[in-house]
Amino acid sequence: MKPFGYLRARSTAEAVRESSAHPGAGFLGGGTNLVDLMKLGVETPDLLIDISRLPLDQVGDTDNGGLRIGATVRNSDLAAHPAVRTRYPVLSQALLSGASGQLRNTATTGGNLLQRTRCPYFQDTSKPCNKREPGTGCPALEGAHRDLAVLGHSEHCVATHPSDMAVALSALDATVQLHGPDGERTVPATEFHRLPGDTPHRDTEIRAGELITEVVLPPRPDGAGSLYRKARDRASFAFALASVAAVLGVRDGRIEHAALAFGGLAHRPWRAYAAEEALRGAPATGETFERAVDAELAAARPLRDNAFKVGLARSLAVDALAELAADS
Amino acid sequence: MSQAPPPLGTPAARREGRDKVTGTARYAAEHTPPGCLYGWPVPATIARGRVSAVHTDEALALPGVHAVLSHDNAPRLKQPDDPILAVLQDDRVPHRGWYIALVVADTLDHARAGAEALRIAYETTEHDVVLSENHPGLYTPETVNGEYPAVRERGDADRAFAMAPVQVDATYAIGALHNHPMEPHASTAQWTQDGHLHVHDSNQGSTTVRESLAAAFGLRPQQVTVVSEHVGGGFGCKGTTRPQAVLAAMAARHTGRPVKIALPRRQLAAVVGHRPPTVQRLRLGAELDGTLTSVSHEVITQTSTVKEFVEQAAVPARIMYGSAHSRTTHRVTALDVPSPSWMRAPGEAPGMYALESAMDELAAALGIDPVELRLRNDPADEPDSGRPFSSRGLAACLEEGAARFGWYDRDPRPAVREEGPLLVGTGVASATYPVYIAGSSASAHAATDGSYRIQVNATDIGTGARTVLAQIAASVLNTPVENIRIDIGSSELPDAPLAGGSSGTASWGWSVHKASTALLRQLRECTGPLPAEGLTIFADTEQETSEKSPYARHAFGAQFAEVAVDSRTGEVRVRRMLGVFAAGHILNPRTARSQFIGGMTMGIGMALTEGSTMDPVFGDFTESDLASYHVPVCADVPEIEVHWIDEDDPHLNPMGSKGIGEIGIVGAAAAVGNAVRHATGVRLRSLPLTPDTLLPYLL
């Protein structure tokens, strides 16, 4: 591991100032992914700015009935928070389906959003990877890609985003608050992560020096239920082969509100706008759900060994919607 | 032999349990002699070729870096007893991950920084890393692992198969698997002024490692001490000396300082062995009543270009079921891959997956209950050799297991048990593992205060070796176990074989038994007080254990599993599992149960989650950490029930025990796979049964 400096930030302003002053700096939250990547030589920050003790560890209601989640709130705490469990079960379930208990006790909200792909080539510095070293190529296209993307990938990168939490945030229309050298700004969770295109080294829209300070959830749509479903190779401590976050509101048999996002399929949580379009106003029937999900997954372009993900995602989503409809 | 005398057979608690849970038990990497340096091994990043240059200037200029060893300057080894130990001896790169250099520095991080600063130039040759059924390099070796003949034929298997009214002809495939013990391999080596080599090493037998290091460095065994006090698992990959021990000793000699090397997890897959992939064709021919007439088991597997290791997967078919005609064969090809080696129940684990899956297919084809089919083909004598069994508890295990599991209520029809989206099914498979035993020596000492001390260079890889050996001594000496002190884990102690082949307790135990018996006799003959230094007896069992038994000696078992398959996702979860084993006398029910459960858990991993993928482009295994190599986690492992049938077998050893370290994994994957077939109607013939493999049949 490369030697690095360590600074414990006393305020958000200081963290941002120091980060801007040190182009090679990185923010340290729980460190569950960053420290691993440093040990692998994938991340090589000159300076770690520890933001884990900043007063960003609170969860509270917003004026309009939404929820404000500090960037350093631990995944375990967030999953267990009564407001999350009762109003946003999809988020609690997504968090609890991620990683292991020990990791969730350490991982933070901001860090979870910023975790990097587990593509084996990205993690191995002895091999090419456009995300890690732009222009070197993508061995996963022909290599081990069973776990990688079927949607939105490019010839430069087929990585998937590993987070479960971020999938729920996408479906919940959360926003990400950023504090940077030029002040504060808000980015919708649905746009926070990028598609790889020809710049796969950029995972997110975050700019140099910017710090995630909080995530804000809008009020839960009236009467809508939500849930998260994930398929994986083992019962715990495994990344999603495919997952789905679904929010559904039904009135008099018709779908009033629908939000759907897939995990494990793309470089970012895949918000299923085409499916939502087909769902809204339609009768809440199995046929509707299948048609809607198919409309979304028609865009899938599986690789040699991951075509199963399309059927898996379809199955998860149709089942999740049916379950929410049955409960409403 | 009568019932084993107490305290044998009692559930004594692990002697070192407290040390382990309180963190005071020290492992190989936790010994840091004054002045200790740290080594970081450098793996090759090409799959085949040669190292044309190792540029060390930049690395050596870094702070703290003491030395860079490569084939340019590393000490020449004499006669390594295993070709994988001939590291840094020449420029050849036989596979990706092969060590080509070692950086030695004052801290681990400096060593690693040095490794990153090395510039290595290669000449690359085209590589060949993918096993296929028609690989042009396939050949029939003379023998396979365990020194069994590669080919055995009895009668005319082809003709009998062709004439059989009911036939199963199926090919099964298992990918590579890795042992991945919790504690990675580590060594701390130090040379003294008089040329004595001291090594703390994580292995399954430090007498073996001492011999190996002595051969490599041209020393007499007495000039080498290897200490392995606590070992955090091995599962076979620490059964032979591994490169870290040789590298640490080389670097310590080169620098004149103690050197510690703890292998990083990500390097393990290439340098400490793996279970090689197998492609296994089974042909079973049977009469309508289920009587087997022909058994063919033909295995294809891979080895490396460094050494020949042939997974003996067809060997269990030579002992399991009676049939007039049989053929069991192995063919192997040498690829540019890491060298395969022992992984828990080499041969039996993959071989019994295929054989026991085929038996399940045959039962379905015949319409005979799978337990009943096995009972009908339970032979009186060992089919291959004709020798009588010293004891054969298979039928008893199947019957006892079936009763305990509720097997007989089972509806044999596949895919008819739905619980909402879940498909539920049950499966059974037989298990077997041979009785191995090796000569061992031990000493028994009686002190004047009435206490005893037993010394034997056994290794505790987590099984409870100290505990059971104390029980054996106490039973002979007729004294409470607390009155026995046990010293193990150092090559300075009386020589003993490794913890491998499920033979440790039998081999070490026999010598402990013999020494204790002789000590007891002496004590009885001793009139008057003991001399102040006490009384010490040394015993070795080379003679007894080298006598060939006229009996076929094997442990047997029966595995039962219930699974639920999620028809929406293809996810398989084991709901309950029962293993019933017949393995002689069980000497310590507490530690034995733990070993059986451990083996069955590893079997769940083999069935459902574990797999190492060979990357055809790069020539390495894709899964290189415990986040991607999926060993089962607690949530994957249900309540596992273990039961055993105590056997009185006088043809084993004075304790009447068979080994139990490996049989728990044998048949477990087949039982799970058979249960998946019963649940879904889908017969998959390759492992692991991950969602992507099942899903196409379910949606």
**Prompt:** What are the principal axis extents of the Cα atoms in the stretch A:225-327, in Å, biggest first?
**Reply:** 41, 28, 21
**Item:** Interchain or long-range residues, amide H under 5 Å from residue A:48's placed H
**Value:** A:5, A:6, A:7, A:26
**Message:** Tell me the accessible surface of residue B:342 in square angstrom (1.4 angstrom probe, heavy atoms of protein chains only), to the nearest ten.
**Reply:** 80 Å²
**Request:** Rounded to the nearest Å, what's the spacing between the alpha carbon centres of the stretch B:425-458 and the stretch A:1-43? Just the number, please.
**Result:** 52 Å
**Prompt:** Placing +1 at every Lys and Arg Cβ and -1 at every Asp and Glu Cβ, with all other atoms neutral, what dipole size does the protein assembly as shown have around its Cα centre, in debye to the nearest 20?
**Reply:** 860 debye
**Euclidean distance of C-alpha centroids, the stretch A:100-172 and the stretch B:609-675, integer Å** = 31 Å
**Prompt:** What longest region of chain A stays clear of trypsin sites (Lys or Arg not before Pro) that DSSP places outside H, G, I, E and B and that have at most 15 other Cβ atoms within 10 Å?
**Reply:** A:54-201
**Message:** Is there a quick way to get the dipole size of chain A? I mean about its Cα centre, with the Cβ of Lys and Arg at +1 and of Asp and Glu at -1; what is the value in debye to the nearest 20?
**Reply:** 660 debye
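Roughly to the nearest percent, how much of the accessible area of the protein assembly as shown is carbon and sulfur, given a 1.4 Å probe?
50 percent
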**Message:** Take residue B:447 and residue B:193, extend 7 Å from each Cα along the Cα→Cβ direction, and tell me the distance between the two endpoints in nm.
**Reply:** 3.3 nm
**Request:** Any chance you could list P(r) for the protein assembly as shown, counting all Cα-Cα pairs in 20 angstrom bins from zero, rounded to whole %?
**Result:** 12, 39, 36, 12, 1, 0
**Message:** Which of the three applies to the stretch A:12-106, rounded, prolate or oblate, going by the alpha-carbon gyration tensor with a ≥ b ≥ c and a/c under 1.5 meaning rounded?
**Reply:** oblate
**Request:** Go ahead and run the numbers for FRET between residue B:518 and residue B:32, Cβ-Cβ distance against an R0 of 41 Å, rounding to 0.05.
**Result:** 0.50
**Message:** Suppose we compare each residue of the stretch B:599-634 in its chain alone and in the full protein complex with a 1.4 Å probe; which ones drop by at least 40 Å² of accessible area?
**Reply:** B:618, B:622, B:627, B:630, B:633
**Request:** Give me the distance between the Cα centres of the stretch A:310-328 and the stretch B:163-204, rounded to whole Å.
**Result:** 44 Å
**Anisotropy class of the stretch A:114-174 from Cα gyration tensor, a/c 1.5 cut** = prolate
**Fill in**
Honestly the stretch B:42-156 on the Cα gyration tensor test (a ≥ b ≥ c root eigenvalues; a/c under 1.5 rounded, otherwise a/b vs b/c for prolate or oblate) is just prolate
**Message:** Just to be sure I understand the interface: list residues from the stretch A:1-37 that lose 50 Å² or more of accessible area between the chain on its own and the complete protein assembly, 1.4 Å probe.
**Reply:** A:1
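Let me spell out the model: positive unit charges on the Cβ of Lys and Arg, negative unit charges on the Cβ of Asp and Glu, origin at the Cα centre of the stretch A:225-327. What dipole size does that give, in debye rounded to 20?
That gives a dipole near 460 debye.
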**Message:** 5 Å is the cut-off here: which amide hydrogens, built 1.01 Å from N in the peptide plane, fall below it relative to residue B:128, excluding neighbours closer than 5 in sequence?
**Reply:** B:336
**Request:** Work out from phi, with θ = phi - 60° and the Karplus expression 6.51 cos²θ - 1.76 cosθ + 1.60, the ³J(HN,Hα) of each residue of the stretch B:83-89, listed in order in whole Hz, and give x for Gly and Pro.
**Result:** x, 5, 8, 7, 8, 6, 9
**Request:** May I ask you to list the residues of the stretch A:78-92 whose amide nitrogen lies under 18 Å from a point 7 Å from Cα along the Cα→beta-carbon direction of residue B:634?
**Result:** A:80
**Request:** Quote to one decimal, in nm, the extra length available between residue B:153 and residue B:134 on full extension: 0.36 nm per residue of separation minus the C-alpha distance between them.
**Result:** 4.6 nm
**Request:** Output ³J(HN,Hα) for the stretch B:270-284: one whole-Hz value per residue in order, computed from phi by the Karplus curve 6.51 cos²θ - 1.76 cosθ + 1.60 with θ = phi - 60°, and x for Gly and Pro.
**Result:** 9, 10, 10, x, 7, 7, x, x, 10, 10, 10, 9, 10, 10, 10
**CD proxy at 222 nm, helix term only [per DSSP H run n ≥ 4: -39500 (n - 2.57); per residue of chain A; nearest 500]** = -8000 deg cm²/dmol
**Prompt:** What residues does the stretch A:224-263 have that are buried by at least 50 Å² of accessible area in the full protein assembly compared to the chain on its own, 1.4 angstrom probe?
**Reply:** A:233, A:234, A:235
**Prompt:** For helix A:308-327, what angle does its Cα long axis make with the longest principal axis of chain A, in degrees from 0 to 90 and rounded to 10?
**Reply:** 60 degrees
**Request:** Putting +1 on Lys and Arg Cβ atoms and -1 on Asp and Glu Cβ atoms, find which of B:427, B:564, A:80 reaches farthest to the positive end of the dipole of the protein assembly as shown.
**Result:** A:80
**Message:** From Cα pairs below 8 angstrom and at least 6 apart in sequence, can you work out the relative contact order of the stretch A:225-327, rounded to a whole percent?
**Reply:** 27 percent
**Message:** I need to check one value: relative contact order of chain B, counting alpha carbon pairs closer than 8 Å and at least 6 residues apart, in percent.
**Reply:** 17 percent
**Message:** Ignoring everything except DSSP H segments at least 4 long, calculate the 222 nm mean residue ellipticity for chain B; use -39,500 (n - 2.57) per segment, divide by total residues, nearest 500.
**Reply:** -7500 deg cm²/dmol
**Message:** If I build a Gaussian network model for chain A, linking alpha-carbon pairs within less than 10 angstrom, which residue out of A:61, A:124, A:252 has the largest mean-square fluctuation?
**Reply:** A:252
**Message:** Taking amide H atoms as placed 1.01 Å from N in the peptide plane, list the residues 5 or more away in sequence, or in a different chain, whose amide H sits under 5 Å from that of residue B:585.
**Reply:** B:647, B:649, B:657, B:658
**Item:** Cβ-derived FRET efficiency at R0 22 Å, residue B:116 paired with residue A:35, nearest 0.05
**Value:** 0.80
**Prompt:** Using the Cβ atoms and a cut-off under 12 Å, what net charge is assigned to the surroundings of residue A:133, where Lys and Arg are +1 and Asp and Glu are -1?
**Reply:** +2
**Request:** May I ask which residue of B:618, B:498, A:262 lies farthest towards the positive end of the charge dipole of the protein assembly as shown, with charges of +1 (Lys, Arg) and -1 (Asp, Glu) on Cβ and the Cα centre as origin?
**Result:** B:498
**Message:** Looking only at chain B, where both bridge partners belong to it, what percent of the DSSP beta bridges are antiparallel (to the nearest 5)?
**Reply:** 75 percent
**Request:** Using θ = phi - 60° and the Karplus relation 6.51 cos²θ - 1.76 cosθ + 1.60, list the HN-Hα couplings for the stretch B:666-674 in order, rounded to whole Hz, with x at every Gly or Pro.
**Result:** 6, x, 5, 5, 5, 4, 5, x, 5
**Asked** Got a sec? What order do A:228, A:273, B:436 fall in by accessible area at 1.4 Å, biggest, i.e. largest, first?
**Response** A:273, B:436, A:228
**Message:** Using only the Cα atoms of chain B, what are the Rg and Dmax in Å?
**Reply:** 25.9, 83
**Prompt:** Of B:166, B:218, B:699, whose Cα points farthest to the positive end of the dipole of chain B (charges on the beta-carbon: +1 Lys, Arg; -1 Asp, Glu; origin at the Cα centre)?
**Reply:** B:218
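The values are calculated or read from the model by the stated rules, or taken from the named source; none is laboratory data. This one's a predicted model, so the numbers in the text were calculated from it and none came from an experiment. Because the Cβ atoms are built from the backbone with ideal geometry, glycine has one as well, and the counts that use them run over all protein chains shown. Remember, those area values only see protein heavy atoms, side chains included, never the ligands or the DNA or RNA. Shrake-Rupley method; radii C 1.70, N 1.55, O 1.52, S 1.80 Å.
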